[in-house]
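Please treat every number below as a calculation from the coordinates, not as lab data. All figures in this text were calculated on a predicted structure; none of them were measured in a lab. As a convention, Cβ positions derive from the backbone with ideal geometry for all residues, glycine included, and neighbour counts pool all protein chains shown.
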Amino acid sequence: MSIPGFSASDLSLARVTLKERFGFDVDVQEAETEVRLSPGDRELALCPAIFWQVEKCSFVVAKTGPAGYRAMFFYSIKDRFGTSKEEYDNLGDCLITLLKVQEKEHERRQQETGIR
């Protein structure tokens, strides 16, 4: 199964959403990632993805189907986070949820370290 890449309107939505969250233009890169589409799959599927970094945090949204999206962010390979939902059928919902979860984690880290 070939998964279609992100459209120009998908990329525009991502950029606008990120600018709203961070207050500046974020460089969104297109990439590919390998994803196990179903828990029982033995093989990994090559999926289109978008990737960006803000400060020391990296974000990835993989497109797992014509209207399927999975997202995560990480500070290091050992420090990875996702959302409470494994897959989204709407890119906007996926992005907003990912950014809200990351914002909460960022605030928790600031409180933990006392850095503002």
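Things worth noting here:
- Of the criteria (1) free of Cβ contacts under 8 Å to residues at least 60 places away in the same chain; (2) surrounded by fewer than 16 Cβ atoms within 10 Å (Cβ to Cβ); (3) at negative phi, which one Met72 fails: (2)
- Answer from Gly23, Gly40 - the residue that is of a type outside the set (Asp, Glu), surrounded by fewer than 12 Cβ atoms within 10 Å (Cβ to Cβ) and on the phi > 0 side of the Ramachandran plot: Gly23
- Residue list for region 27-55, restricted to those being farther than 20 Å from Glu87 by Cα and within 13 Å of the chain's Cα centre (by Cα): Val28, Gln29, Gln53, Val54
- Residue pairs meeting the criteria (Cβ under 7 Å; at least 6 apart or on separate chains; first farther than 24 Å from Leu18 by Cβ and without any contact (Cβ under 8 Å) to a residue 12 or more places away in the chain, in region 30-59; second of a type in the set (A, V, I, L, M) and surrounded by 14 or more Cβ atoms within 10 Å (Cβ to Cβ)): Leu44/Val35
- Selected residue (only one of Ala67, Ala62 is buried (at least 18 other Cβ atoms within 10 Å of the Cβ) and of a type in the set (Gly, Ala, Ser)): Ala62
- Region 75-96: number of residues that are more than 17 Å from Thr64 (Cα to Cα) and in a helix (DSSP H, G or I): 1
- Every residue from region 75-116 that is touching a Leu at 6+ places or on another chain (Cβ under 7 Å) and in contact (Cβ under 8 Å) with a residue 24 or more places away in the chain: Leu91, Gly92
- Selection within region 7-29 - free of Cβ contacts under 8 Å to residues at least 60 places away in the same chain and hydrophobic (A, V, I, L, M, F, W, C): Ala8, Leu11, Val16, Phe22, Phe24, Val26, Val28
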